[in-house]
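**Student:** To start, I am sharing the structure in question, which I have written as structure tokens.
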Amino acid sequence: MLTAVRSILAILILGIAVTIGYFIATRDNEIPTEIAKEVKTVFVQEVVNDTVPIIIPANGNLTAKNRLELYAEVQGVFRSSAHDFKPGQPYSRGQVLLNLDSSEYYASVQAAKSELYNLITSIMPDLRLDYPEYFEKWQTYLDGFDINKSTPQLPETASEKERYFITGRGIFSSYYNVKNLEQRLGKYRIVAPFSGILTEALVNKGTLVRSGQKLGEFIDTSVYELEVAVSKRFGDLLELGEEVMLSDRNDIEQFTGKVVRINGRVDQATQTIRVFIEVKGSDKLKEGMYLQANLEARDEPNAISIPRQLLVDNSQIYVVRDSILDLVEINPVYFSDKEAVISGLPDGTQYLSKSVPGAYAGMRVKIFEDQQESTQ
């Protein structure tokens, strides 16, 4: 009985061993001999070398080219203005911005004019007797003297005798005293030297204005300047009179400016040069407005412009050769925030136009078929 049990166990163990050996022997036949590698589809662009303009972006805020800060040089009560003296009020050239009360000072000016007239009148009898040859021109001067108008210039003296005679009577000193008073009288009235708009108003009608007090600010709205900072390595490439394209923050409005001044000094802290761009001819321009300027520095021959993210270490780029990626060296010429101007790639070279995650040199790829058909 024991012998029979042992025989059965031996047969079972042998059967199990044979079964395991069979599975081990046939397992390798089920494993594929070649693993299918994934081939990524890529987008490419052919190199077409051309002359690429290098555009330097810069930005800044507009300021009015013609600006008038209004200060009082005399004291008086603010009486009137051509319009309401308020911020945002436009004035035309020649219109009165501020008119201060000058009645008391005006009376003193008239008194000085009368004194001058009386002095000249008092010498006329002596001129007729002693210097009759000069009498006629001084009589003509008196005839044209109007106390309510600006004092006319004194006649030219023809000889030393005449000059000594006129000077000895105090006429020259009286005349220049009157002219000085007239000049000061004109400071009671501030006139707009150009058409523009009032951006700041610090006094109201009826206010007592003191000498040296700031009254407001007046700007010309027809012409503005944009001050931008440009790297010193492009300073020698900029030219006066060069046209510049400008755009607002949202790139909606476009304007055309002109380089009018280039600072001759480099900022030591930033190593930049200040460039001033004049822009005018648009009602949409406002002082303080932020604008982006695109300065055309120079033209780079035999180059292309590509998105900056396509570069590897800023000196290499992936190209496709016989469905294989290759990493080649290029010559970077200029970098902007989004674009890079490069040279060194022959015409017809296919480079990746979109980044491929995990790309490496020697990687097998397939060019997008629709793109191939469109290029053909």
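The values are calculated or read from the model by the stated rules, or taken from the named source; none is laboratory data. Values in this document were obtained by computation on a predicted structure and should not be read as measured data. As a convention, Cβ positions derive from the backbone with ideal geometry for all residues, glycine included, and neighbour counts pool all protein chains shown. These accessible areas exclude ligands, DNA and RNA; they are computed on the full protein's heavy atoms, side chains included. Shrake-Rupley method; radii C 1.70, N 1.55, O 1.52, S 1.80 Å.
**Student:** Kindly report, to the nearest 10 Å², the accessible surface of residue 202 as traced by a 1.4 Å probe over protein heavy atoms only.
**Tutor:** 90
**Student:** Separate question: What number, rounded to the nearest 500 deg cm²/dmol, is the helix-based mean residue ellipticity at 222 nm of the chain, given -39500 (n - 2.57) per DSSP H run of at least four residues and division by all its residues?
**Tutor:** Computed ellipticity for the chain at 222 nm equals -9000 deg cm²/dmol.
**Student:** Check each of the trypsin sites (Lys or Arg not before Pro) in the stretch 88-178 and keep only those in coil by DSSP with at most 16 other C-beta atoms within 10 angstrom; list them in order.
**Tutor:** 93, 149, 169
**Student:** For the stretch 47-206, what is the relative contact order in percent, using Cα pairs closer than 8 Å and at least 6 residues apart in sequence?
**Tutor:** It comes to 41 percent, rounded to a whole number.
**Student:** Mind sorting out which of (1) 19.1; (2) 20.9; (3) 43.7 is the real mean projected area of the Cα convex hull in nm² computed from the coordinates?
**Tutor:** Calculated mean projected area of the Cα convex hull in nm²: the matching label is (3).
**Student:** Could you grab the relative contact order for the chain? Cα pairs under 8 Å, six or more apart, rounded to a whole percent.
**Tutor:** 27
**Student:** Another question, then. Pop a pseudo-label 7 angstrom from the Cα along the beta-carbon direction at both residue 339 and residue 222 and give the gap in nm to one decimal.
**Tutor:** For residue 339 paired with residue 222, the spin-label model returns 3.6 nm.
**Student:** Contact order normalised by length for the stretch 122-176, with contacts defined as Cα pairs under 8 Å and 6 or more residues apart; what percent is it?
**Tutor:** RCO, the stretch 122-176: 26 percent.
**Student:** Starting from the stretch 128-166, pick out the GluC sites (Glu not before Pro) whose DSSP state is loop and whose Cβ has at most 12 other Cβ atoms within 10 Å.
**Tutor:** Answer by residue number: 156.
**Student:** Sticking with this one: On average, how much accessible surface per residue is there in the chain, in Å², for a 1.4 Å probe, leaving out ligands, DNA and RNA?
**Tutor:** That works out to 61 Å² for each residue.
**Student:** Quick one: pull the percent of accessible area on the chain belonging to carbon and sulfur, 1.4 Å probe, ligands and nucleic acids left out.
**Tutor:** Carbon-and-sulfur percentage of accessible area, whole number: 50.
**Student:** Solvent-accessible area of residue 92, probe 1.4 Å, all protein chains present, reported in Å² to the nearest ten, please.
**Tutor:** Around 60 Å² of this residue is reachable by solvent.
**Student:** After finding the eigenvalues of the alpha carbon gyration tensor for the stretch 203-296, what semi-axes result from the square roots of 5 times each, listed largest first in whole Å?
**Tutor:** In descending order, the three semi-axes are 32, 19, 11 Å.
**Student:** In addition: Can you give the FRET efficiency for residue 327 and residue 294, using 1/(1 + (r/R0)^6), R0 = 25 Å, r = Cβ-Cβ distance, to the nearest 0.05?
**Tutor:** It comes to 0.20.
**Student:** When the chain is fully extended, how far beyond the present Cα-Cα distance does residue 20 get from residue 65, taking 0.36 nm per residue of separation?
**Tutor:** Contour length minus Cα-Cα distance gives 6.6 nm.
**Student:** In addition: Grab the Cα-Cα distance for residue 139 and residue 253, subtract it from 0.36 nm times how many residues apart they are, and report the gain in nm with one decimal.
**Tutor:** Working it through step by step, the gained length comes to 34.4 nm.
**Student:** May I pose another question? Suppose the chain between residue 367 and residue 150 were pulled fully straight at 0.36 nm per residue; how much longer would it get relative to their current alpha carbon spacing?
**Tutor:** Going from the current span to full extension adds 69.3 nm.
**Student:** Same structure, new question: Just flag the GluC sites (Glu not before Pro) in the stretch 232-267 sitting in loop per DSSP whose Cβ has no more than 14 other Cβ atoms within 10 Å.
**Tutor:** 239, 253
**Student:** Once you list every other residue whose beta carbon is under 13 Å from the beta carbon of residue 328, what net charge do they have if Lys and Arg are +1 and Asp and Glu are -1?
**Tutor:** With Lys, Arg at +1 and Asp, Glu at -1, the neighbours total -2.
**Student:** If you find the alpha carbon centre of the stretch 138-185 and of the stretch 310-331, how far apart are they in angstrom?
**Tutor:** 88
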